[in-house]
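I have placed the structure first, in the form of structure tokens, so that the comments after it can refer back to it.
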Amino acid sequence: MKEQENLRKKLSVKKFVGVVVSNKMTKTIVVRVERKRKHPKYGKFFKVAKKLKADCKDERLFPIGSVVEIIECRPISKDKKFRVLTTKTEENNLNS
């Protein structure tokens, strides 16, 4: 029973939503992902930001400042371990 739970956790894919910070590299964008953490002792929440490199077909489709959703994938290079799933503006247009 416990082995199945551990296997399920390993197979879960990480998804993040962030803002495009740079699109100057070929087929790569840099996404800033913010999340809130709780301080272990004092209990106050604070923001932690991380810059992740994501693979994309054409970096011109994602201008700086656009909100994108990225998903974890196999390592593409030393730093790239994410792919662009969708932009948040595309999701809003599809729902309308």
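Each reported figure results from applying straightforward, stated rules to the coordinates on display, with no laboratory input. Predicted model only: the values in this text are computed from it and were never measured. Note: ideal-geometry Cβ built from the backbone for every residue, glycine included; neighbour counts use all protein chains shown.
Straight-distance candidates among the lysines for linking to Lys88, with alpha-carbon spacing under 24 Å and chain neighbours fewer than 8 residues away dropped: Lys14, Lys15, Lys24, Lys27, Lys36, Lys47, Lys50, Lys51, Lys53, Lys57, Lys80. Maximal additional length on extending the Met25-Lys88 stretch stands at 20.5 nm, based on 0.36 nm per residue less the C-alpha distance.
Set the Förster radius R0 to 35 Å, insert the Cβ-Cβ distance between Lys36 and Ile64 as r into 1/(1 + (r/R0)^6), and round the FRET efficiency to 0.05. Let's see the in-between values first.
Values: r = 24 Å, r/R0 = 0.68.
With R0 = 35 Å, the Cβ-Cβ based efficiency is 0.90.
Average 1/r across all pairs of distinct alpha carbons in the stretch 10-95, invert it, and you get the Kirkwood radius: 13.8 Å.
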